[in-house]
Structure formats: C-alpha cells, structure tokens
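Please read the structure below before turning to the comments.
The values are calculated or read from the model by the stated rules, or taken from the named source; none is laboratory data. This is a predicted model, so every value here is computed, not measured. Please note: Cβ atoms are built from the backbone with ideal geometry, for glycine as well, and neighbour counts cover all protein chains shown.
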Amino acid sequence: MEALATGFTAILQPMVLLYLMGGLLMGALFGALPGLTATMGVALLTPITFWLNAEEGMAMLLGIYCGAIPAGGVPALLLNIPGTPASIAASWDGYPLSQRGEAGLALGINSVFGFIGQVTSVLFLAIAAFPIASFSLRFGPPEYFALALFGISLMAGVSGNQMAKGMLSGMLGLLVSTIGLDPMMAVARFTFGQAEFYDGIAFVPVMIGLFGVGEVFHQMLTDGASARVGSSPATPPAVLGRVLPDWAAWKRMLVPGAIGSGVGTVVGAIPAAGGDIAAVICWEQTRRLSRKPEEFGKGSIEGLAASTTACNSAIGGAMTTMLTLGIPGDAPSAILIGALLIHGVQPGPLLFRDNPALVYSIIGLMVLAALLIAVLGVVAARPLAAALRVPKPWLWTAILLLSVVGSYALSNAITDVWVMLAAGLLGLAFRWLQIPLGPLVLGLILGPMMESNLRRALILSRGDWESIFLRPIVAFLVVAALLSLVWPLIQRYRSGRKPRDPLPGPGESGG
C-alpha cells in the first residue's frame, strides 16, 4: 500500500502533470501528421528526458505514446489518411461515415472507444501482467509464423465480396514484402541493383501513398478542381452532426468494444504484433459476429468501434511485456526500454519487486493520459471536422505536401518519396478497378514476419515440418487460419449470394 500511495502521489506533482500534457500535445501532433508516427515522436524526445527524473521523463514519453495512437485516427476518419499504421482499419469505416455527414460521430467514437481501449488494457497490466507476459514468452519462431499465417488468412474476410481481387491484392503485398536483403542469407532480392532497397520497402510511405495520395488523385480526377469537400454529386455536403453516440448506437458498439479491448490487449502483449494487426483481427472478427456484416467497410459504427478500441488497447498489452519481461511489444515500447535504462531502471520481473512505486506511477500516468486525450478529442471534434469544409484544392495541396514531408522525414531518403508516389498511383488504379486495399496492407505487414519466422523454425527443427505443426499453439492458429479462409465461402453459400456481388471491401469509400 505504501508503494501504491508513493506512486500515485508522484504523478500528481505539478511538473509531472505539465510534462504529461506537453507529451500529449506532441503525441497528438505526431499522430495526426502522416509519417510522423508515435515511434518517431518517442524516439526524438527520449534524449530530452536525460535531464528529467524518471517520473517526469516517463510522463512525457507516455503522453506521446498514448496521445499519438488516437490522434492517428483523426486524419484516417476525415481524410482517409491513417496518421499511424494502427489507424488503418479505422479508416475503412470512419472515412465513409464522415463522407455521409457524420464526421462528429466518427471522431466521438474514436475518442471514447480509444479511451475505453487504453483504460481496459491498463487494467490488464495492473491485474494480469504476469500471466499475459508468461503466455507471450512461450512464443517461438513457429508460433510467430502461425500467428502471421492467421493474419494473412484474414485477406478473405477483409476483401468484402471481391474475394478473387482481394487475394490478388494480398499476394501483391506479400511480393512487395520480399524486396530487400534475404532475412537469413543477406542476399539482395528484387532490388534491381539499387542499394536504397536493401532494407526493403518502407511501410509508412506505402501506407501514405495508398490511402492518402491515391485518394487525392482519385478526387482530383473525379470531382474537379473547383469542388468542395463533400460536395460531389454522390455525397451530400459534410456536416459535423452529433459527437457522442446515442443509446441505440451504444448498444450496438458494446460487444465490438469488448472484443477490441480483450483481443487487442492480448495481441499487443505478443512481441512484434502491434496495434495495426490487433485492429485488423478485431475488425474482421466483429464483422463475422455482426448482424449487419454488409455495412462493414461502408461506415459501420461497429467496425469503427472494434478497430479503434483494439489499436488503443494494444498499448497496455505492449507495456505489459515491456515492464514484466523487458521484451517490447511494439516499436514505441522498445524505445521506452531505452528511456528507462537512461534513468537506471531495468525493466523485467525485478522491477515489480525493487521499484513497485514506479510501476504504479506508470499505470497512473497511462490512465490519466487516456482520460486527457479523450476529453481533448471530444472538445476538439468541431474544429477538426471543419477540415471537411476546406476547399478541395487547398486540402489536396496540404495533403500532398504533408505526404511528401512525412515520407522524406522517415529516413531522410528521397527514395521513400518516390515509393510514396508510386503507391499513390497504385492506390488510384485499385480504386478504379475496385480492388480492396486491405489485403495488400496485410501482406505487406505480415509477409516479413511470416517468412523470417518460418525459416528460423525450419532451421531449429532441421527441416522437420511435422515438429512445427504439431506444437499446440501452432496447430490451433493453423486451424483458425483454415477456418478463416473457408468461413466466408460457407457464409456466401448459406446466404445464397452470388460471387459477383458488387460490395466494396475495406480501403474503398463505398461510393
């Protein structure tokens, strides 16, 4: 009890609260600007914490971390440009929701369910840290391969009724993920002799190009230079509408929110998984359980609630493995390990025995950060939604400029800018051909994880496939992957739908 009181007293100091608020504002900036991710924000400001005490330094960095993830949903909802990779799935339903005049509701769901996801995951951190971390510690290369395989199998689900096109899109993503040096032999593959591609194709410029630049090119060619946002013939003028959902909407979103909180926390606790994978998995599982699956990808509040809750709840999951085992759950938590080491704090099981007050301080800071960023999101919904009324030529110029800056700032390489522009043209072609973008993103994210871990597993087993697939966790995930591929076909057969049903998949605006 003494450690609990000491820990919570420390976070109520004026300077700690000031650094937390400053971190939240910086995190909101890094999250809302495409390319300036939470990882970049935490990395850039970690050296500054050298001159602060542990509580003040962690307040600033946790503020950036907890603020950037929900802020990344703002451009995803309003402009179809995910501010962070974790916000990709949120754009699938959030952007269509904004386009039909409910931008305020989309922003309200993002803020409220982001808060629910973060607080729920922090409660898991406080109550069940050791069991979750112990389970994730059992994951070796075979389990990581099976997890990636399960994620890849979701291509069928996130393709809507365009299954053939969706699978081709996913295969293209897998192909692009193989560019660079071989993960085991360090042999150059598909680099065309360009040293810039030895590290592979950077994910962030591709994401910016597919979802941001591709959308801008599409609007420029279809709406005309004099159009205003939301004024195309197929879409009524954008309005803010209500911000907080009504009771009927709450009832529809309770189950998706619960799924996102639980699954997102567990996936976040698995090293290298992250909020982007958690959001995609929860979005797809919620769609399957929904009574209105046909609305997903076209402005479903259930899909938005599930993806938003999942990507935010992954924060607490990642912090669980980071604090209890010293194993980062994602890139920002890996940098936070370095920040703790700067202050002479070694993450791991001994941290809970030797410095429990700091653990309680971190838990309290995360809860406080979640509350403050949720309030800020709800209060700022009206000025944020005003972006929808900016003349389109101005908005297109700003988006293209930020896309170029964000892509270049990733590694100060002009190659990333060219990759972003190429991805923008590909995104435009996909929109014209009605090919869903979600499977391509899945393949790009999970391809390296699946390949490298499969090859490590084969090396460890000396080429014995049987010993890999008979591991309990691997067997469970492989069966789940097979069911994930077969289930959409079963649903289509039972519902009597024809394979050529023209329903858009995630990554399309739905009209």
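For the stretch 145-169, which positions are modelled with pLDDT of 70 or more and either of a type in the set (Phe, Trp, Tyr) or outside any helix (DSSP H, G or I) (or both)?
Residues satisfying the conditions are PHE145, PHE150, GLN162.
So GLY377 fits all but one of (1) modelled with pLDDT under 80; (2) crowded, with 17+ Cβ neighbours inside 10 Å; (3) of a type outside the set (A, V, I, L, M); what number is the exception?
GLY377 satisfies every listed condition except (1).
Which of the residues belonging to the stretch 45-86 are in a loop (DSSP other than H, G, I, E, B) and crowded, with 23+ Cβ neighbours inside 10 Å?
Within the stretch 45-86, GLY72, ASN80, ILE81, PRO82, GLY83, THR84 qualify.
Test GLU302 against the criterion of being among the acidic types (Asp, Glu), under 23 Å from VAL441 (Cα atoms), crowded, with 24+ Cβ neighbours inside 10 Å and touching a helix residue (DSSP H, G or I) at 6+ places or on another chain (Cβ under 9 Å), and give yes or no.
Here the answer is yes, as GLU302 does meet what is asked.
For residues in the stretch 173-212 being of a type in the set (S, T, N, Q) and out of contact with any Leu (no Cβ under 6 Å at 6 or more places or on another chain), which is modelled with the highest pLDDT?
THR178
Residues are listed down the side, and each one gets a yes or a no for (1) surrounded by fewer than 19 Cβ atoms within 10 Å (Cβ to Cβ); (2) not hydroxyl-bearing (Ser, Thr, Tyr):
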| position | (1), (2) |
| --- | --- |
| ALA398 | yes, yes |
| LEU402 | no, yes |
| GLY406 | no, yes |
| ASN412 | yes, yes |
| THR415 | yes, no |
| LEU425 | yes, yes |
| LEU428 | no, yes |
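Out of contact with any Cys (no Cβ under 9 Å at 6 or more places or on another chain), in a helix (DSSP H, G or I) and either touching a residue at least 40 places away in the same chain (Cβ under 8 Å) or under 18 Å from VAL378 (Cβ atoms) (or both), is that true of ALA89?
It is false that ALA89 is out of contact with any Cys (no Cβ under 9 Å at 6 or more places or on another chain), in a helix (DSSP H, G or I) and either touching a residue at least 40 places away in the same chain (Cβ under 8 Å) or under 18 Å from VAL378 (Cβ atoms) (or both).
Under the condition of being surrounded by fewer than 12 Cβ atoms within 10 Å (Cβ to Cβ) and assigned to a helix (DSSP H, G or I), which residue from the stretch 442-500 is modelled with the lowest pLDDT?
Taking the candidates together, the pick is SER495.
Before we move on, is PRO142 modelled with pLDDT of 80 or more and touching an Asp or Glu at 6+ places or on another chain (Cβ under 8 Å)?
No; evaluated as a whole, the condition is false for this residue.
Only residues in the stretch 300-317 that are on the phi < 0 side of the Ramachandran plot count as the first member; pair them with residues that are outside any helix (DSSP H, G or I), Cβ under 6 angstrom, at least 6 apart or cross-chain, and list the lot.
GLU302/SER290; GLY303/PHE296; GLY317/GLY329
Can we say MET21 is buried (at least 24 other Cβ atoms within 10 Å of the Cβ), over 19 Å from the mean Cα position of the chain (by Cα) and not β-branched (Val, Ile, Thr)?
no
For the stretch 1-26, which residues satisfy the criterion of being farther than 24 Å from LEU351 by Cβ and either in contact (Cβ under 8 Å) with a residue 12 or more places away in the chain or not in a helix (DSSP H, G or I) (or both)?
Answer for the stretch 1-26, where residues must be farther than 24 Å from LEU351 by Cβ and either in contact (Cβ under 8 Å) with a residue 12 or more places away in the chain or not in a helix (DSSP H, G or I) (or both): MET21, GLY22, LEU24, LEU25, MET26.
Any chance you could count how many residues in the stretch 343-373 are crowded, with 16+ Cβ neighbours inside 10 Å and polar (S, T, N, Q)?
The total comes to 2.
I need the full set of residues from the stretch 171-214 which are hydroxyl-bearing (Ser, Thr, Tyr) and under 15 Å from SER411 (Cα atoms), in order please.
The answer is TYR198, and nothing else.
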